[in-house]
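Peer 1: The structure under discussion is supplied below as structure tokens; questions concerning it will follow.
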Amino acid sequence: MNLFALSRGEEQPPILRIPLTAELRREVARAFVDQLAAFESGVEHVLPFDGRYMPEDDEAIVINQFQDVDGIIDAIERPMRVELFDSRQHSLENVKALFLGHRRNGHQAALIQSFERRRLISKKTLSMLFSGDTFQRIQEDGLTLDSHLLAVLENGAITFKSFHFLRRVFDLSEHYREATNEEVEAFVAHDNIMVEDAEAFVAAAGPLVRKKISFISQSGILDSHTGRQIANAARQFNLQVRIDGDERIVLPNDKAELRKLLKFLDEDYYESALSKSHFVSNSKRPAD
């Protein structure tokens with residue numbers, strides 16, 4: 001059982017093998033397997049990722065056909081081809097994840113932990129270890145493991161519980177992306193949209209605005225409803241959607257008002273079926 005480090009940047013190989021004593025290798029493997037059991041414990045539903053839903057405690061999210069561009073599974077299956085970590089050549093500061101292989105059901109699964117710099121023990125800082133009856137300065141670099149798994153990569157699919165933390169480790173732009181400049185330009189040029197300064201709007205569009213525009217464009221909501229219909233529907237939530245003489249939706253200049261409008265267009269507003277109360281959701285998936 002080998003422990004591997006997944007690195008960021010081009011300063012060192014993308015994957016390094018971490019040298020461990022035989023005893024420590026067994027302890028690390030046991031810790032990861034215990035974390036796998038905790039990761040899967042109580043999970044009753046594994047839902048396909050769509051970028052809009054945050055799982056509950058009894059749920060996990062999966063991205064099928066995940067492209068293992070880093071070669072994680074290959075490293076597990078051919079460990080001797082992976083360069084061994086050497087503190088004279090490599091730095092733990094470049095590590096973004098740790099992983100090891102766990103064979104089950106006839107194939108390899110990669111158990112993945114995120115690695116943050118706060119888990120780095122660096123000889124550059126004044127780090128101390130209590131040994132015997134006194135503290136001694138730590139002379140070499142070291143690391144501590146996380147207490148839980150970030151994800152499991154298995155059979156070409158990656159299962160996780162937090163997209164926010166997963167995207168810190170992997171490039172997920174293929175599965176979840178913000179609208180490009182061209183897509184924002186197409187949005188503001190839609191027949192049902194009016195903006196005072198399209199160029200300024202595109203330049204000022206931040207990640208949240210671009211994410212919402214991407215979802216709105218995919219939904220086709222602007223193609224299936226007129227500006228008047230959208231404005232009328234918004235009134236039940238006390239949202240004032242301004243339309244011009246051509247019944248186009250006028251995008252607000254105020255950032256807070258713009259976000260409200262985009263959330264409404266992305267159907268984040270809903271009414272309770274029982275109490276008829278109105279709510280805004282920051283996470284949703286289609287009802288069964």
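A quick yes/no check of all residues on (1) within 27 Å of the chain's Cα centre (by Cα); (2) of a type in the set (A, V, I, L, M):
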position: 112; (1), (2): yes, yes
position: 122; (1), (2): no, no
position: 140; (1), (2): no, no
position: 143; (1), (2): yes, yes
position: 146; (1), (2): yes, no
position: 152; (1), (2): yes, yes
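Let's see how each residue does on (1) within 22 Å of the chain's Cα centre (by Cα); (2) surrounded by 12 or more Cβ atoms within 10 Å (Cβ to Cβ); (3) over 30 Å from residue 163 (Cα atoms):
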| residue | (1), (2), (3) |
| --- | --- |
| 180 | yes, yes, no |
| 193 | no, yes, yes |
| 199 | no, no, yes |
| 219 | yes, yes, no |
| 245 | no, no, yes |
| 250 | no, yes, yes |
| 256 | no, no, no |
| 268 | yes, yes, no |
| 272 | no, no, no |
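Peer 1: Same structure, new question: Among the numbered conditions (1) without any contact (Cβ under 8 Å) to a residue 40 or more places away in the chain; (2) basic (Lys, Arg); (3) in contact with a helix residue (DSSP H, G or I) (Cβ under 7 Å, 6 or more places away or on another chain), tell me where residue 228 comes up short.
Peer 2: Failed condition: (3).
Peer 1: Any idea which residue in the range 14-39 is nearest to residue 95 (Cα to Cα), counting only those that are exposed (fewer than 15 other Cβ atoms within 10 Å of the Cβ) and of a type outside the set (A, V, I, L, M, F, W, C)?
Peer 2: If we take residues in the range 14-39 being exposed (fewer than 15 other Cβ atoms within 10 Å of the Cβ) and of a type outside the set (A, V, I, L, M, F, W, C), then 19 is nearest to residue 95 (Cα to Cα).
Here's the yes/no breakdown for (1) in a helix (DSSP H, G or I); (2) touching an Asp or Glu at 6+ places or on another chain (Cβ under 9 Å); (3) of a type in the set (Lys, Arg); (4) not assigned by TED's automatic domain parsing to the domain that holds residue 258:
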position: 172; (1), (2), (3), (4): no, no, no, yes
position: 176; (1), (2), (3), (4): no, yes, no, yes
position: 210; (1), (2), (3), (4): yes, yes, yes, no
position: 214; (1), (2), (3), (4): yes, yes, no, no
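The values are calculated or read from the model by the stated rules, or taken from the named source; none is laboratory data. These numbers were taken from a predicted model, which means no experiment stands behind them. Neighbour counts run over all protein chains shown; Cβ positions are idealised from the backbone, glycine included.
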